[in-house]
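Novice: Take a look at this one; I'll ask things after.
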Amino acid sequence: MTGSPGTVLLTGAAGRIGRLLRTGLPAAGWSLRSTDIADLTPAGPQEEIAYADLADLDAVVDATRGVAAVVHLGGLSGEAAYEDIRRANIDGTYHVLEAARRCGVRRVVIASSNHAVGFTPRADPVPVDTRPRPDTFYGVSKVAKEALGSLYVDRYGLDVVCLRIGTQAPRPTRHRHLASWLSDGDAIRLVLAALDAPAPGFAVVYGISANSRAWWDLGPGRALGYHPQDDAEAYADAVDPPEPTDDLVGGDFTGPEHDL
């Protein structure tokens, strides 16, 4: 997207990454229309609040009118019953993409997850085009989000960037995080790159920092203009020991505690 930044509709603005972007995007010149079902007051600089339930297509359309782009973070951020996951994550993403189409918004950035390929064994590196191997219903919903994004690119000409976010936290605390960590600063840089990349069409990128022990391919992200600056290695002496599930992309999401 070229030219001066406009207004971004930010769904899931009350969540952890949403709170980062409520300051990070205005600092980069974007205005925000932030939405969630949780309280978002007070509004920050260059921000308006527009409460909308992602389960309500009409409400999402109303919130989308007049924006230049959408950053879609809303939905459940962990495993839950299938029906809850479907309504919040799959149906909610359909509503966001359909609202963008109806309102003439060309750029949608979608929060996917490494859990879309969670049962993929460790490799050097894991490419973004590895086949879907979701580790949970949550992971299934991320596969569906990416598929919906692909459909809206091919059928309706939107630009959709799906971010397979790793472990977003202020600092890594577990051995797996030495590969999967996404710092606060790099999370903002990742979303800005996805918003600013010219004509990406459909793109899937891994959302991790410049970790020395990373084993997910950062090439597609760098091709979009994402240049991470942080490295989990700075915390290597303070993380917990390795766990049996660390050799799978999804980590403990692949463990028996998520069996049906």
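Novice: Name the residue, out of Leu20, Leu10, that is in contact (Cβ under 8 Å) with a residue 24 or more places away in the chain and either charged (D, E, K, R) or part of a strand (DSSP E or B) (or both). Steps first, answer last, please.
Specialist: Working: Leu20 fails: either charged (D, E, K, R) or part of a strand (DSSP E or B) (or both).
Only one candidate qualifies: Leu10.
Novice: Continuing with the same structure: If I go through the range 71-81 residue by residue, how many of them are crowded, with 20+ Cβ neighbours inside 10 Å and on the phi < 0 side of the Ramachandran plot? Before the answer, list the steps.
Specialist: So in the range 71-81, the residues crowded, with 20+ Cβ neighbours inside 10 Å come out as 71-75.
Applying the additional criterion that residues be on the phi < 0 side of the Ramachandran plot yields 71-74.
Count: 4.
Novice: Surrounded by fewer than 24 Cβ atoms within 10 Å (Cβ to Cβ) and either over 29 Å from Glu83 (Cα atoms) or among the acidic types (Asp, Glu) (or both): is that true of Pro172 in this structure?
Specialist: Numbers: surrounded by fewer than 24 Cβ atoms within 10 Å (Cβ to Cβ): no; either over 29 Å from Glu83 (Cα atoms) or among the acidic types (Asp, Glu) (or both): yes.
Spelling it out, it is not the case that Pro172 is surrounded by fewer than 24 Cβ atoms within 10 Å (Cβ to Cβ) and either over 29 Å from Glu83 (Cα atoms) or among the acidic types (Asp, Glu) (or both).
Novice: Another question, if that's okay. Is there any pair linking a residue in the range 211-231 that is among the aromatic types (Phe, Trp, Tyr) to one that is buried (at least 18 other Cβ atoms within 10 Å of the Cβ) and in a loop (DSSP other than H, G, I, E, B), with Cβ under 6 Å and at least six apart or on different chains, and which?
Specialist: Final answer for the pair search is Trp216/Ile208.
Novice: Filter the range 139-161 down to the residues that are aromatic (Phe, Trp, Tyr) and closer than 27 Å to His258 by Cα and list them by number. Explain how you work it out, then say what you get.
Specialist: Restricting attention to the range 139-161, the residues satisfying the condition of being aromatic (Phe, Trp, Tyr) are 152, 156.
The answer is none; no residue qualifies.
Novice: If you don't mind, there's one more thing I want to ask. Of the numbered conditions (1) in contact (Cβ under 8 Å) with a residue 12 or more places away in the chain; (2) farther than 24 Å from Leu20 by Cβ, Pro200 fails exactly one; give the number of that condition.
Specialist: Going through (1) in contact (Cβ under 8 Å) with a residue 12 or more places away in the chain; (2) farther than 24 Å from Leu20 by Cβ one by one, Pro200 breaks only (2).
Novice: Given the condition more than 20 Å from Leu190 (Cβ to Cβ), among the small types (Gly, Ala, Ser) and surrounded by fewer than 17 Cβ atoms within 10 Å (Cβ to Cβ), answer yes or no: does some residue in the range 82-98 qualify?
Specialist: No.
Novice: Does Gly75 satisfy being under 15 Å from the mean Cα position of the chain (by Cα) and in a loop (DSSP other than H, G, I, E, B)?
Specialist: On the way: under 15 Å from the mean Cα position of the chain (by Cα): yes; in a loop (DSSP other than H, G, I, E, B): yes.
For Gly75, the condition - under 15 Å from the mean Cα position of the chain (by Cα) and in a loop (DSSP other than H, G, I, E, B) - is met.
Novice: Those residues that are over 18 Å from Ser112 (Cβ atoms) and either touching a residue at least 40 places away in the same chain (Cβ under 8 Å) or in contact with a helix residue (DSSP H, G or I) (Cβ under 6 Å, 6 or more places away or on another chain) (or both), I need them from the range 239-260; list them, please.
Specialist: Of all residues in the range 239-260, those over 18 Å from Ser112 (Cβ atoms) come to 239-247, 252, 255-260.
Scanning the range 239-260 gives Val239, Asp240, Pro241, Pro242, Glu243, Thr245, Asp246, Asp247, Asp252, Gly255, His258.
Novice: Could you figure out which of (1) among the charged types (D, E, K, R); (2) outside any helix (DSSP H, G or I); (3) within 16 Å of the chain's Cα centre (by Cα) isn't true of Arg213?
Specialist: Unmet for Arg213, out of (1) among the charged types (D, E, K, R); (2) outside any helix (DSSP H, G or I); (3) within 16 Å of the chain's Cα centre (by Cα): (3).
Novice: Would you check if Gly104 is within 20 Å of Pro200 (Cα to Cα) and out of contact with any strand residue (DSSP E or B) (no Cβ under 7 Å at 6 or more places or on another chain)? Write out each step before concluding.
Specialist: Values: within 20 Å of Pro200 (Cα to Cα): yes; out of contact with any strand residue (DSSP E or B) (no Cβ under 7 Å at 6 or more places or on another chain): yes.
Considered against the rule, which asks whether it is within 20 Å of Pro200 (Cα to Cα) and out of contact with any strand residue (DSSP E or B) (no Cβ under 7 Å at 6 or more places or on another chain), Gly104 comes out as yes.
Novice: Specify which of the listed residues (Ala43, Ala111, Ala52, Ala38) is part of a loop (DSSP other than H, G, I, E, B) and either acidic (Asp, Glu) or crowded, with 22+ Cβ neighbours inside 10 Å (or both). First the steps, then the outcome.
Specialist: Working: Ala43 fails: either acidic (Asp, Glu) or crowded, with 22+ Cβ neighbours inside 10 Å (or both); Ala111 fails: part of a loop (DSSP other than H, G, I, E, B); Ala38 fails: either acidic (Asp, Glu) or crowded, with 22+ Cβ neighbours inside 10 Å (or both).
Only one candidate qualifies: Ala52.
Novice: Same structure again: Please determine whether any residue of the range 137-144 is more than 13 Å from the chain's Cα centre (by Cα) and more than 14 Å from Ile85 (Cβ to Cβ).
Specialist: no
Novice: Any residue at all in the range 224-238 that's crowded, with 18+ Cβ neighbours inside 10 Å and assigned to a strand (DSSP E or B)?
Specialist: Looking through the range 224-238, none of the residues is crowded, with 18+ Cβ neighbours inside 10 Å and assigned to a strand (DSSP E or B).
Novice: What number goes with the only condition from (1) outside any loop (DSSP other than H, G, I, E, B); (2) at positive phi; (3) not polar (S, T, N, Q) that Gly66 does not pass?
Specialist: Only one criterion is unmet by Gly66, namely (1).
Quick note: the coordinates plus some simple rules give every number you see, no bench work behind them. Predicted model, so just to flag it, every value in this text is computed and none were measured. Cβ atoms come from the backbone with ideal geometry, glycine included; neighbour counts cover every protein chain shown.
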